[in-house]
Amino acid sequence: MGRTLQNTMINLGLQNACDEAVYQLGLDMEELEEIEEDAGLGNGGLGRLAACFLDSMATLGLAAYGYGIRYEYGIFNQKIRDGWQVEEADDWLRHGNPWEKARPEYMLPVHFYGRVEHSASGAKWIDTQVVLALPYDTPVPGYMNNTVNTMRLWSARAPNDFNLRDFNVGDYIQAVLDRNLAENISRVLYPNDNFFEGKELRLKQEYFVVAATLQDIIRRFKASKFGSTDSVRTVFDSFPDQVAIQLNDTHPAMAIPELMRIFVDIEKLPWDKAWDITKRTFAYTNHTVLPEALERWPVDLVEKLLPRHLQIIYEINQRHLDHIASLFPNDVDRLRRMSLIEEGDTKRINMAHLCIVGSHAVNGVAKIHSEIVKTQVFEDFAALEPEKFQNKTNGITPRRWLLLCNPGLAELIAEKIGEDYVRDLSQLTKLHKFVDDDLFIREVAKVKQENKVKFALYLEKEYKVKINPSSMFDVHVKRIHEYKRQLMNCLHIITMYNRIRRDPAKLFVPRTVIIGGKAAPGYHMAKMIIKLINAVAQVVNNDPMVGSKLKVIFLENYRVSLAEKVIPATDLSEQISTAGTEASGTGNMKFMLNGALTIGTMDGANVEMAEEAGEENLFIFGMRVEDVTELDRKGYNAQLYYDRLPELKQAVDQIKSGFFSPKDPNLFNDVVNMLFHHDRFKVFADYEAYVKCQEKVSELYLNSKAWTKMVIRNIAAAGKFSSDRTIKEYARDIWHVEPSDLKIPPPNEPREAGQDKTPNGTAA
């Protein structure tokens, strides 16, 4: 979520008043804002997307809730020591959190372990361990519409009789100390992005948020006029018309068997009715195609932790496979491929398959990704129910990612086209009229220059490196992962360095290359990549032959509040994943909106950015998905490229020989070995096209006016990538609710009768 203060002031229309009031008190608002900790309760793009969605849902007046876990420790703080990443605990609640309100009156029990007893009256899950879920509510204000939604985060609490109910009375002190075991559930965020680690505590977290949330939703449904009770029993027929639940990846997939358990075991609905309601309630968003990221939980673990849920999953699977067998008799391989249970050394539950079978809609997050989901990853399922599969291209909130972080540009745009674009970003197309307006061109360039000077001062303060603010700011910030190919950027840096040294007199367009991002603590290769970038920076930044022509900075502890500083100052945005690996990307959109040009592959939302702005207004290079597929068919041989490209050979040899690690010449052996022998992401195959494309970038940068005109064309084409547009599509195509642009009257104005009505149900 990042910081909340400035976002709240902007959405409430109070920023200028607050700035002024604080100034009158002899204080500086920006200094005050810097004191607030980031709420870092997720990994990379998935968590930030949810935050943008909450802002858009409130701005569109949807009755929507964001549910999650109130981690005591969020994503780790990254320190760089001697070029290596070191993790520190993110004790973000140390000074308290003024934005949250504990709601003990809505505390709910969550059950684990135990066993299942079957009887004539149905299944009973008994002898369980209970953990309490304590909700904390954070307000989510819409933009200037007097709507405030809720983000409800659950914290784990031990019940007061924890470990004191049975036999254990002997050691009262130990029993109280053991309360920590239960409360560890919400202690810390697992820091993996695009990687599945099948740990018991992680599964406990996933079920904890799901079980608490579903009880909360059902309580709210029963309290509403729709949960009409026929004597004692609630009638759930209207449930899917009043409640929509969107599964953000497979992490909350246990919600499907949990809702079935509630309907069948507790509410005593017949299976078929329960399953129909469940399917109509859930929709699933897929966020990655990387096989190592897909959740596959061991059956043994689920059986121990959630025995009733395993039985329900088996029953769902049995009925699912019976249906497929009836359509495709004797096709055992299809049954194996489509089963929710994977046989093998250890039997596993494929959570993506569970989500697809248990949802009425499945979507990818960019056109190209949704195509890959349909035709490759889940092709058997798409063949069965093609109408279930959709696309919903991701977006970003223009409130945080333009108004808040780049007020200079936001104001300049408002002068030209008015202020309405903040709620309807498609209006940015009106800027096309000004692409040849010399004054506007100069003003856009001036805003960018001011942002660069401000960020250069920040870098000089934090990193003690002299930055040339007229150099091209070439920025690559995102989680560190092999598929995102920070290594390819690194090879380009080394290539530029070698060119400067080979011919120091030759014209060279000065660059400040900024790379930042966190590596999962257990991801050895990602940590080696960080060390390599820092080792290269050490050599480049201290070579007198290079001087101010080339500087390399590794940005420490990349997070939302740092993104808000670096993105407005960026000239060139690096979006260079291997085609077919980045589901969408959202950083790409933030840079586009803030007046950077993109160098990128035809991957994720880059494809649609090129479609909107015109491919000639992005620096597109490298293999397309078809080329990658073809190269896989032929077999990728890294050695071929190394032998054919002298500059690539020189760069790789320098890494290999210890040029960047003289004290330990073998330091980067693992990296070099990977690049030659098991590089799934084919860095060498795109190196030549990347370097050539970078030459075109430098050439255009020399012509400031032509560069800025291309920037304006990009900003004018960025309207599609508002999360408001994304959420309108979810609302209409999946949740079946209508966004309302009605401004609720402020609390100090009298309301007209009947204005309290909630239109068109609730999206959760």
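The values are calculated or read from the model by the stated rules, or taken from the named source; none is laboratory data. Computed from a prediction, not measured in an experiment: that's the story for all the values here. Virtual Cβ from ideal backbone geometry, glycine too; neighbours counted across all protein chains shown. Ligands, DNA and RNA are excluded from the accessible area calculation, which covers all protein heavy atoms including side chains. Shrake-Rupley method; radii C 1.70, N 1.55, O 1.52, S 1.80 Å.
For an R0 of 30 angstrom, estimate the FRET efficiency from the Cβ-Cβ distance between Ser224 and Lys124 and round to the nearest 0.05. Computed FRET efficiency for Ser224 and Lys124: 0.55. Taking 0.36 nm per residue of separation and subtracting the Cα-Cα distance, full extension of the segment from Asn160 to Gln376 would add 72.7 nm. The simple spin-label model puts a point 7 Å past each Cα toward its Cβ; for Glu699 and Asn748 those points are separated by 6.1 nm. Considering only alpha-carbon pairs that sit under 8 angstrom and 6 or more positions apart, the relative contact order computed for the stretch 227-351 is 25 percent.
A simple spin-label model places pseudo-atoms 7 Å from Cα toward Cβ; at Glu342 and Phe676 they are separated by 3.2 nm. Per residue, the solvent-accessible area of the stretch 196-392 (1.4 Å probe, heavy atoms of protein chains only, all protein chains present) comes to 39 Å².
Tell me, what % of the accessible area of the chain is carbon and sulfur with a 1.4 angstrom probe?
On the chain, the fraction of accessible area on carbon and sulfur atoms equals 53 percent.
For the stretch 426-716, the solvent-accessible area of protein heavy atoms averages 37 Å² per residue (probe radius 1.4 Å; ligands and nucleic acids excluded).
Projecting the Cα atoms of Leu5, Asn406, Tyr497 onto the charge dipole of the chain, computed from C-beta unit charges around the Cα centre, puts Tyr497 farthest toward the positive end.
Charging the Cβ of each Asp and Glu at -1 and of each Lys and Arg at +1, and nothing else, the dipole of the chain about its Cα centre rounds to 800 debye. Label-to-label distance, Ile266 versus Asn146, with points set 7 angstrom from Cα along the beta-carbon direction: 3.7 nm. As a length-normalised measure over Cα pairs under 8 Å and 6 or more apart, the relative contact order of the stretch 347-452 settles at 19 percent. The residues neighbouring Arg319, those whose beta-carbon lies less than 13 Å from its own, together hold a net charge of -3 under the Lys/Arg +1, Asp/Glu -1 convention.
Report for the chain the percent antiparallel among DSSP-assigned beta bridges with both residues inside it, nearest 5.
45 percent
Each Lys and Arg adds +1 at its Cβ and each Asp and Glu adds -1 at its Cβ; summed about the Cα centre, the stretch 359-472 shows a dipole of about 520 debye. Looking at the stretch 63-169, the chymotrypsin sites (Phe, Trp or Tyr not before Pro) that sit in a DSSP loop and have at most 11 other Cβ atoms within 10 Å of their own Cβ are Phe167. In the complete set of protein chains, residue-level accessible area for Lys79 is approximately 60 Å², probe 1.4 angstrom.
A 1.4 Å probe run over the protein chains yields, for the stretch 12-57, 54 Å² of accessible area per residue, whole-number rounding. Between the listed residues Phe721, Pro750, Val671, the Cα displaced farthest toward the positive end of the dipole of the stretch 611-764, a dipole computed from Cβ unit charges relative to the Cα centre, is found at Val671. Neighbours of Gly595 by Cβ distance under 13 Å: Lys/Arg scored +1, Asp/Glu scored -1, total +3. Only one residue of Met351, Pro386, Thr278 has its Cα farthest out toward the positive end of the dipole of the stretch 196-392, where Lys and Arg carry +1 and Asp and Glu -1 on Cβ, and that residue is Thr278. Between the helical axis of 407-417 and the longest alpha-carbon principal axis of the chain there is an angle of about 90 degrees. Please find the FRET efficiency linking Ile35 to Val235, where r is the Cβ-Cβ separation and R0 is fixed at 51 Å, and quote it to the nearest 0.05. The computed FRET efficiency comes out at 0.50. Where only DSSP H runs of four or more residues are counted, the chain gives -12500 deg cm²/dmol as its mean residue ellipticity at 222 nm, each run worth -39500 (n - 2.57).
When the listed pairs Lys199/Lys484; Lys199/Lys222; Lys279/Lys682; Lys367/Lys551; Lys506/Lys663 are checked against a 28 Å cut-off, the alpha-carbon distance exceeds it for Lys199/Lys222; Lys279/Lys682; Lys367/Lys551; Lys506/Lys663.
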